[in-house]
Amino acid sequence: MKKFSFRLEKNLNIARQIENEARIQHQNFLKERDRLSEQLAILNQRLQILMQSIRNIAGDVQEIILYKDYIAVTRTAIKEKEQELEQAEYLLEKSRLNLLEKSRETKTLEKLKEREWEEYILENNRLEQKIIDEVAVNSYFRKNS
């Protein structure tokens, strides 16, 4: 009985490795997106606190001007962070599509290997049955001769 050998085993191993690398890259993009989202939430929270604080200031014009300048800087930082987050979302989606493609390639090769394995088993079963039949026929003729 011949040992099972999948002719595309190297390709399958490479496809699995590439899929794992794509999965790791996707996880990194996901972490980056989450980090940026968290930073944006902190900036928005800081802006809300500043807005509340400016309402509570009584009379000091210099302090009000200082707060307004800080609010403007915070809004600019929020816009920049939103752009970074948008870019991270784009990269994450691109990474997700890449991961899906690599996963599909791997699954295709795995299904092909499974199909070849099943054919190998069937062929071995046929050969075993053929040998058993020959032994039975030879045994029958020996008994009857």
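Annotations for the structure displayed:
- Principal-axis tilt of helix 61-144 within the chain, Cα atoms, nearest 10 degrees: 0 degrees
- A P(r) calculated from all alpha carbon pairs of the stretch 9-110, with 5 Å bins opening at zero, reads 2, 12, 15, 13, 10, 9, 8, 7, 6, 5, 4, 3, 2, 1, 1, 0 percent.
- In degrees, nearest ten, helix 9-56 long axis to first principal axis of the chain (Cα): 20 degrees
- 14 Å beta-carbon shell around Asn125, net charge (K/R +1, D/E -1): -2
- Lysine pairs in the stretch 9-110 with Cα atoms under 26 Å, if 8 or more residues apart or on separate chains: 12
- Taking other residues whose beta carbon is less than 13 angstrom from the beta carbon of Thr74, and scoring Lys, Arg as +1 and Asp, Glu as -1, yields +2.
- Once C-alpha pairs closer than 8 Å and six or more residues apart are averaged by separation and normalised to the residue number of the chain, the relative contact order reads 43 percent.
- Here's the picture: charge each Lys and Arg Cβ at +1 and each Asp and Glu Cβ at -1 in the chain, and of Gln52, Leu112, Gln83 the one pushed furthest to the positive end of that dipole is Leu112.
- Modelled FRET efficiency - R0 35 Å, Gln45 with Arg104, Cβ distances, 0.05 increments: 0.25
Bear in mind that the values in this text are calculations on the coordinates, not laboratory data. Here the structure is a predicted model, which means the values were calculated and not measured. Backbone-built Cβ (ideal geometry, glycine too); neighbour counts: all protein chains shown.
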